[in-house]
Amino acid sequence: MHVNKILTALVMILPLCKDSCSQEIDFVHDIRPLLSDACYTCHGPDAEARSTELRLDRRESALHSKVLSSGEMLQRLRSTDPEERMPPPDSNRELSSDDRAKLIAWLEAGAPWPKDDRHWAFVPPERPSVPTVRQSEWMHNAIDAFVLDVLEHNNLRPSPRSDKATLLRRVTFDLTGLPPTTQELDDFLADSSATAYERVVDRLLASEKFGEHMALDWLEASRYADTDGYQNDRLRYMWVWRDWLISALNNNMPFDQFVTEQMAGDLLPDRNVFTQIATGFNRNHRINSEAGSIPDEWVVEYVADRVETAGTVFLGLTMTCSRCHDHKYDPITQRDFYSMFAFFNNIAEAGLGPNNGNSPPFISIPDSWPHLSEEESAFIQPDPLKIDVVQGNVPRPQKGSPQTVMVLSELPKPRDTYRLIRGLYDQPDTSEKLIPATPAVLGAWRKPWPKNRLGFARWLTSPENPLPARVTINRMWQHYFGIGLVKTSENFGVQGDMPSHPKLLDWLATEFVRCGWDTKAMHKLIVMSATYQQSSAVSTDLLDRDPENRLLARGPRRRLSPFAIRDMALFTSGLLVEAIGGPSVKPYMPPGIWKSISNAKYKQDQGNKLYRRSMYTYWRRTVPPPTMMAFNAAARETCTVRSDVTTTPLQALTLLNNITFVESARFLAERMLDQPDSHPRNRIRWAFRSVTSRQPTSNEIACLEEDLSHFLTDFIDHPTSAKKLLAIGEKPFDKKLDIPTLAAYTLIANTILNLDEAMSQN
């Protein structure tokens, strides 16, 4: 009797164990990524790559095959026989022991596979309820509830609020790309009101510097440059589009309008020259002008580039993978790629660009730009494409002058679009002519939308599209925290990272749409959160548990962007020229920098142009500005939405020796000597605070005073060295100042500008 009771109890418990196991292992979050990594290459969406009919990316196929229920898959996962073991040893898809154990546990639990097994990113976001948390007094807005909910489940507490000086520095850099002035620091520290921080945020959002700073991410995403790229790398003129971009961001253009004008500003019913200029986004790609090239081939390259860029920027998908074959991991077919290709295949452009200048279609820009009259603001119909035969019968379009900007314009008769076998321009599959269409997995196409780029823009900004709001919000988060809620901001597909806070991501995405795509409102929401305002100080334990701060138990600490590092030096020295917009400028550059590539001569600008913000620096694709590249700027040959951050000796050498930084140190030294309090200690204290936004410690002051004394003695003994140091840079030093003294303070300023704190926003 006793034994029977035990057996009965075991029979009752076993199903419970099975259910418990299936609950612990989530298919979407735990199993699908493993199947994608290990199995999709041979058993995934790409029909040409599948070794058998078995598909493990589709529920019906997997269940029908019986490999899950028969024990075959389980046996192959456990096997040590290389002929039987899965994944095969030669597949380069080896599973870790933990991942293999997870798959085995899933199979042993009956391989539960939900009926709605869509990848999370392909499901339109639904607005989640704001969670109830224990530490509600810490919260400032809904963001904090979602973050705190995750922290409490991980037995973590949020960090205390940053001190006011650190917080002001962080938010000022994040919203404008420049540090706060000492006066702004004093005003904020003196303001004890509850709304002090919010007033700072509102001031920064209203600043014209906001649009300049936020435009940088779009310049890298849009592959903006001042030359065509490829071997010849001829010059072009696209700065007017950059002006439009800055203005759109400063004026808080709703994001759906922002997308629509860039995709199809030339097709809008109320189109004008500004909406036309916006389409320059799709003309920022590289253009080939090399003699002997085949024009038809390059037309295909340009159109493919637009598809790939739109896929990365707005969809967060690796569309490039499906150019030559069905995507190996995501449900994006090659047919889908070329159906999207058809939206952009009607541009009246030539395959080869001119030897110099803009390639048609382009429009002329009045001298009054950007302050155009009503008449000047009217839509301009680009001239028909004209082609001359030059350079050995190579067709070339007429070139655009510096007062033009490249735009989109439709051909009178659309080009035919076919799937290209292996992506090759000269191997079209003429069995099926394709019409413009979007991947079905990403939301339905509404009948009222025209089958052109305008309809494509409507589809992108439709609430039914699961990706654009998520992808855009994620990059906003990345801007502030250095890492997105989805780490792989360029890839929301099956091979991308899972979101660290999926409910927060969906809440933000739905909130973005709910508030009318108000970009500044979302920026304000993030920086007003208690999550953003946390101290970035981290304990050893927390650093071990969460080295990348994915759980958000502390505030962000990041190195400044390559552009902000240079701008910070110019700003604190008083050299920065803060004019908005205009043509690109050519600041200091190493001698012979262009000659090594194309035997071209770099003609450096003079005067104020040397001290413009870094976003206006002339960008040659084959030789990007080395100062920016040293600090991980994107080369802008292709769309980039996430950059690596490295630390190398070259960075330190750049900051110590680059003309811009040495000259900035000299002028910061002049400002130190101009302070009312002439005591060296107080001069140093002022400069230190101007650069780092905090007061130096007594030890730091003592070290810098000691260095100053040493430098001064040395320069008194070696006046020629002092004069040589002060001669660096185009702008002359104040001859009324004592040369050894100014040189000594220059080295102190150079030291301060090279501190880690000077290059971070804390």
Leu737 meets each of (1) surrounded by 13 or more Cβ atoms within 10 Å (Cβ to Cβ); (2) in a helix (DSSP H, G or I); (3) not small (Gly, Ala, Ser) with one exception, condition (2)
Can you tell me which residues in segment 370-395 are under 22 Å from Thr227 (Cα atoms) and in contact (Cβ under 8 Å) with a residue 40 or more places away in the chain? Gln391, Val394, Pro395
Filter segment 370-385 down to residues that are closer than 26 Å to Tyr302 by Cβ and touching a helix residue (DSSP H, G or I) at 6+ places or on another chain (Cβ under 8 Å) and give me whichever is surrounded by the fewest Cβ atoms within 10 Å (Cβ to Cβ). Phe379
Considering only segment 105-117, how many residues are within 15 Å of Leu35 (Cβ to Cβ), without any contact (Cβ under 8 Å) to a residue 60 or more places away in the chain and either loosely packed, with under 15 Cβ neighbours inside 10 Å or not assigned by TED's automatic domain parsing to the domain that holds Arg59 (or both)? 0
Tabulated pairs, segment 34-51, first closer than 19 Å to Leu107 by Cβ, second among the aliphatic types (A, V, I, L, M), C-beta under 6 angstrom, 6+ apart or interchain: Leu34/Leu103; Leu35/Leu56; Ser36/Val494; Ala38/Leu95; Cys39/Leu56; His43/Leu54; His43/Leu56
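Mind telling me which of the residues Ser293, Ser289, Ser247 ends up being farther than 30 Å from Glu375 by Cβ, surrounded by fewer than 23 Cβ atoms within 10 Å (Cβ to Cβ) and among the polar types (S, T, N, Q)?
Of Ser293, Ser289, Ser247, the one residue that is farther than 30 Å from Glu375 by Cβ, surrounded by fewer than 23 Cβ atoms within 10 Å (Cβ to Cβ) and among the polar types (S, T, N, Q) is Ser293.
Before we move on, is Asn288 assigned to a loop (DSSP other than H, G, I, E, B) and touching a Ser or Thr at 6+ places or on another chain (Cβ under 7 Å)?
So Asn288 does not fit the description; no.
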Pull up segment 254-283, narrow it to residues that are in contact with an Asp or Glu (Cβ under 8 Å, 6 or more places away or on another chain) and part of a loop (DSSP other than H, G, I, E, B), then point me to the one that is nearest to His213 (Cα to Cα). Pro254
Answer with yes or no whether Ala553 is more than 19 Å from Arg170 (Cα to Cα), among the hydrophobic types (A, V, I, L, M, F, W, C) and in a loop (DSSP other than H, G, I, E, B). no
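Residue-by-condition table, conditions (1) modelled with pLDDT of 95 or more; (2) of a type outside the set (Gly, Ala, Ser); (3) crowded, with 18+ Cβ neighbours inside 10 Å:
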residue: Ile593; (1), (2), (3): no, yes, no
residue: Ser596; (1), (2), (3): no, no, no
residue: Lys601; (1), (2), (3): no, yes, no
residue: Thr646; (1), (2), (3): no, yes, no
residue: Leu656; (1), (2), (3): no, yes, no
residue: Val662; (1), (2), (3): yes, yes, yes
residue: Ala669; (1), (2), (3): yes, no, yes
residue: Met672; (1), (2), (3): yes, yes, yes
residue: Ser678; (1), (2), (3): no, no, no
Out of the residues in segment 250-284 that are among the charged types (D, E, K, R) and without any contact (Cβ under 8 Å) to a residue 60 or more places away in the chain, which is surrounded by the fewest Cβ atoms within 10 Å (Cβ to Cβ)? Asp270
Could you go through segment 506-515 and let me know if any residue there is crowded, with 20+ Cβ neighbours inside 10 Å, farther than 23 Å from Arg558 by Cβ and of a type in the set (D, E, K, R). yes
Does any residue of segment 655-673 turn out to be free of Cβ contacts under 8 Å to residues at least 60 places away in the same chain and touching a helix residue (DSSP H, G or I) at 6+ places or on another chain (Cβ under 9 Å)? no
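The values are calculated or read from the model by the stated rules, or taken from the named source; none is laboratory data. None of the values given here were measured: they were computed from a predicted structure. Cβ coordinates were reconstructed from backbone atoms using ideal geometry, including for glycine residues, and neighbour counts include every protein chain displayed.
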